[in-house]
Structures are given as C-alpha cells and as structure tokens.
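What follows is a short report on a single structure.
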Amino acid sequence: MSAARGTTADDPWIRRFHPPAAPGTAPVLVVLPHAGGSASFYFPLSRDLAAHAEVLTVQYPGRQDRLGEPSPDTVAGFVDEVQRALEPWRGRSLVLFGHSMGAVLAYELARRLEASGGGAGPRGLVLSGRRSPLVARHDDLHTRDDDALLAHVGALAGTDAGLLADPELRAMVLPALRGDYRAVGTYRHEPGPLLRTPVSVLCGESDPRTSLSEAMAWRELTGAAFTFRAFPGGHFYLAEHHEAVARALADDVAAFTTA
C-alpha cells in the first residue's frame with residue numbers, strides 16, 4: 001500500500017485496501033460504514049471495484065486498530081474529520097457511498113463540499129439502507145441499556161451473534177457502537193439548498209429500519225438526477241447480494257463521472 005498522505009500509513013481515518021487500475025486518474029469512491037461498522041467489512045467491495053475506482057474506506061475511531069481512540073458522538077464531528085482526511089483527493093472526481101449511518105455522513109459531507117471551495121461538490125452520492133432525513137422518527141437506541149442495543153444490532157444481521165455474546169468483545173465494541181448510535185440518533189436535518197449532486201439510493205426490500213418509500217424520499221433533497229434500486233434482503237442486503245451491489249456501484253460511478 002502506498003505511503004502517500006491520506007493512506008493508512010499516514011491518516012488513520014482512511015484505508016485503501018487495493019490499488020486502483022488507473023492510479024491518479026481513476027474516480028475516487030469514498031466508503032462510509034454503518035454504525036458500529038469497520039472498514040474491513042467493505043474489503044470485498046473494495047476488491048471488486050478496484051478496476052473502476054480508487055476505493056477509500058473510512059475507518060472510524062474506537063474499533064479494530066483504532067480501539068481506545070475517542071470517536072465523535074455527533075454527525076458534524078464525523079464529517080469534520082472525514083472532510084479533513086479527504087483533502088489530498090479534493091482535486092479528483094469524488095463519489096461518496098454511505099450505508100446506514102454512513103449514508104447520513106455522506107449526505108452531510110456532500111452538502112459541506114458543495115458549500116466550500118467555490119461550491120465544488122462530489123460527482124455523485126450513493127445512499128444505502130437509510131431513510132431520508134426528511135422522514136421524522138424518534139430514535140432513542142443510544143439511550144437504551146447494553147442488552148437492548150446489542151439485541152437491536154444482532155437483529156439487523158450485520159454482526160456475528162457469537163461475537164456479541166462474548167463479554168470481552170462486548171466490552172470492546174460497546175463504546176464506539178453507542179457513540180455511533182448517539183451521533184445518528186441525535187442528528188437533526190437543517191434545511192438548506194437542494195444538492196446539486198446526483199443521487200443514487202439503494203435499499204433492501206425487507207429492511208426493518210427503512211421502508212422503500214422512506215428511502216425514496218431522498219429524491220426530495222437533490223435538484224440533480226435521482227435513481228433508486230431495491231434488492232432482496234434486509235438491512236445488510238449488500239452482504240447478501242454482494243456481486244449485484246458491486247455492479248450497481250460500478251454503474252453509478254461510471255454514470256456520475258462520465259456525465
């Protein structure tokens with residue numbers, strides 16, 4: 001892996017697992033993980049998309065090799081750090097992809113990028129497994145006890161139930177997990193200009209956290225092109241249908257960067 005600024009060797013927020021097929025000229029796909037998620041969860045996606053983009057996966061603090069580091073507990077705090085870490089790539093064609101909590105971060109990052117530097121925002125935004133912030137819902141998961149929070153996470157089928165049952169592992173993952181849920185649970189959408197960035201939304205047809213209509217409501221937040229795809233499966237449909245999701249993302253990157 002290159003030791004250039006912004007890669008794992010230099011910035012702990014960024015992971016580049018696979019070199020791109022066209023270094024320096026390929027579009028840059030920035031992957032923002034779900035609450036409690038780590039960069040390594042998206043390793044297979046990085047592998048399959050390396051021919052189409054330079055894939056940068058965000059590694060939040062408080063997990064894996066960043067265990068023990070304090071993690072932001074607000075969406076704005078996460079966006080501050082990700083925006084800073086992406087500075088070396090600001091001159092490139094950026095496409096943002098976020099799943100679940102990562103979708104909220106990607107959306108707010110796109111707003112921030114459009115508002116800064118003369119309004120040069122990302123080339124595209126892919127939002128996965130998350131309702132539009134225009135859909136109001138009381139979310140108090142971060143205030144519940146450890147068992148209730150872990151039961152919720154286990155029900156979404158994104159984490160091995162055996163890991164959540166191990167007391168030592170529970171103790172390691174709970175601080176970052178609770179912080180992530182606090183960040184997204186206390187997030188409130190601030191009205192502002194419509195995005196000028198085209199948006200693609202992906203969703204599982206039987207996601208218990210996001211209905212298809214709630215996911216489609218993202219179209220009200222962009223004045224640019226909007227596309228929507230639904231896949232069989234639940235909240236972690238992207239693991240169940242990895243190849244189809246990788247193809248959809250490759251198509252989105254190509255459409256955004258050749259428009």
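Read-outs: derived from the displayed coordinates by stated rules, not from any lab. This structure is a prediction, so every number in the text was calculated from the model and none was measured. In this analysis, Cβ positions are derived from the backbone assuming ideal geometry, glycine residues included, and neighbour counts consider all displayed protein chains.
Structural remarks
- Label-zone membership for segment 226-250, site Ala155, 7 angstrom Cα→C-beta point, backbone N under 18 Å: 233-237
- FRET efficiency for Asp146 and Arg196, using Cβ-Cβ distance with R0 set to 30 Å, rounded to 0.05: 0.10
- Maximal additional length on extending the Glu168-Arg47 stretch stands at 40.5 nm, based on 0.36 nm per residue less the C-alpha distance.
- With 0.36 nm allotted per residue and the present C-alpha distance subtracted, the Glu243-Arg219 stretch has 6.1 nm of extension available.
- Legend: calculated FRET efficiency, Arg188 to Gln64, from the Cβ-Cβ distance at R0 = 35 Å, rounded to 0.05, equals 0.75.
- Each peptide in 140-148, 127-135 was scored by the mean count of other Cβ atoms within 10 Å over its residues; highest first, the order is 127-135, 140-148.
- Positive-end extreme of charge dipole, the chain - chosen from Leu94, Leu105, Trp13 (charges on Cβ): Leu94
- Between Ala254 and His138, the modelled labels are 4.8 nm apart [label points 7 Å from Cα along Cα→Cβ].
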